[in-house]
């Protein structure tokens, strides 16, 4: 069984139709780059070295652990957050099938299987002993570390059978051991994998003529020897970065973020747990598509990898440039450790070291469009977030009363973040003075003041490209000597930016969707 050819070889043939995985592979490969980005999200972080503290706490998304370990202190609380450890992952979505008798549902379950890489030194008596690192005669350093092997299972089931009862298939992975001799007889590298036990159940139920709710549930069915074992030990029996692709023949899926109006009540009835399903594939108009990507991270419909991105383990164009520059600045010793840490880290270094100048130049970001984007229904989306886009809102001139004083663009305030609900970035600014740039309204009707801090040497630059700190009106105090709202001085007009629904505490000025 190859790394990518199906995790659950046992029982798989029973659920594949006669044409095997050819059709599903054709459908799913259109989202391959995005799905791979999800698979390796957080796999290894800059500076890509074993010694880095953030690479010692790994596997944070889509982790399905044995149930007895997860629930040792009580049942898990369902939610869409794929960063929470669980023993199952459930996707519910809506599909339309004009001819249910001929429709086929296709599911691809993908995950990583942890693999221990142990370096062993050769003793004179021919025995091997485990070591943390070993330098061979050719000058190469070899490190013990945890790797991961990609696994995936293909399932294909007639819709009519799913309506009669759920179908369950094994989606685990076998145990295995591989040994590789090191140069000059210095030792060997042994890679060991624990067995993964898991099943996926697919069910469907009718909701209306030609409309069905599909449920895909993947469960870790393994058991740990010690439920009180540390997480690092339990991870050896976990499905990592678990996510699901759902497609089919003779059917289409409806967006759950922006469903067609007639399907809104049904979309609200879908209950996904520890995952977030979105339409995927080449961007298109409309609110339906051929593939759903159910990922442990929150994505928009039609997620795409930026075309400027040169390879895996980088996010989008802006972060690519930062990571590339930082990787270039690693010392030779740091690069050697990164190469010894993981083969994927070595690939990143090779890519950076050989990157053509024109490829690097493209990493400096890109403006897709300054015009309102078309909605999924094909009509122009109202630009309510742009100045003048909504007759009732004007961020630059709107004011809000704070202690009876109108506060708006140009006002000076003192920052008083709340004790509860404020993050560290806000608390660091307590007592500082700031200038209000705009009054922003979010999609929930909440009001936030966009401010630049007076003694921030980059305040003028932040005002130019529109990156602000955000505070609620009850978190500021008007400064007595202020003349009230006035002009906001900025060297250039701010570019319009799309809205982003903030959390309870906007994160470091990210409320307005800054890249």
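The values are calculated or read from the model by the stated rules, or taken from the named source; none is laboratory data. Every value quoted in this text rests on a predicted model; they were computed, and no experiment measured them. Because the Cβ atoms are built from the backbone with ideal geometry, glycine has one as well, and the counts that use them run over all protein chains shown.
Which helices (runs of 4 or more DSSP H) does segment 15-125 wholly contain that include 2 or more residues that are assigned by TED's automatic domain parsing to the domain that holds residue 226 and more than 21 Å from residue 241 (Cβ to Cβ)? Step through it out loud before you land on a result.
Details: elements: 22-28, 32-39, 67-70.
In segment 15-125, the matching helices (runs of 4 or more DSSP H) lie at 22-28.
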Would you point out which residue out of 330, 370 is assigned to a loop (DSSP other than H, G, I, E, B) and either at pLDDT 80 or above or surrounded by 14 or more Cβ atoms within 10 Å (Cβ to Cβ) (or both)? 330
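Which one is nearest to residue 91 (Cα to Cα), of the residues in segment 291-305 that are assigned to a loop (DSSP other than H, G, I, E, B) and in contact with a helix residue (DSSP H, G or I) (Cβ under 6 Å, 6 or more places away or on another chain)? Give the derivation first.
We begin by selecting, within segment 291-305, every residue assigned to a loop (DSSP other than H, G, I, E, B); these are 296-305.
Imposing the further condition that a residue be in contact with a helix residue (DSSP H, G or I) (Cβ under 6 Å, 6 or more places away or on another chain) reduces the set to 303, 305.
Working: 303: 18, 305: 23 Å.
Across segment 291-305, the extreme among qualifying residues is 303.
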Given (1) in contact with a strand residue (DSSP E or B) (Cβ under 6 Å, 6 or more places away or on another chain); (2) within 27 Å of residue 174 (Cα to Cα), residue 133 misses just (2)
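Kindly indicate the residue of segment 268-282 that is touching a helix residue (DSSP H, G or I) at 6+ places or on another chain (Cβ under 7 Å) and outside any strand (DSSP E or B) and also surrounded by the most Cβ atoms within 10 Å (Cβ to Cβ) among those meeting that condition.
Just the residues of segment 268-282 that are touching a helix residue (DSSP H, G or I) at 6+ places or on another chain (Cβ under 7 Å), to begin with: 280-282.
Narrowing the set further to residues that are outside any strand (DSSP E or B) leaves 281-282.
Values: 281: 20, 282: 11.
In this case the residue turns out to be 281.
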Only one of these is over 23 Å from residue 110 (Cα atoms), touching a helix residue (DSSP H, G or I) at 6+ places or on another chain (Cβ under 6 Å) and modelled with pLDDT under 90: 358, 308. Name it. 308
Listed by first then second residue, the pairs whose first member lies in segment 177-205 and is at positive phi, whose partner is part of a strand (DSSP E or B), with beta carbons under 7 Å and at least 6 positions apart or on separate chains, are 185/122; 187/119; 187/120; 187/121; 187/122; 187/128; 187/134
Kindly indicate whether any position in segment 433-446 is modelled with pLDDT of 90 or more, part of a loop (DSSP other than H, G, I, E, B) and in contact with a strand residue (DSSP E or B) (Cβ under 9 Å, 6 or more places away or on another chain). no
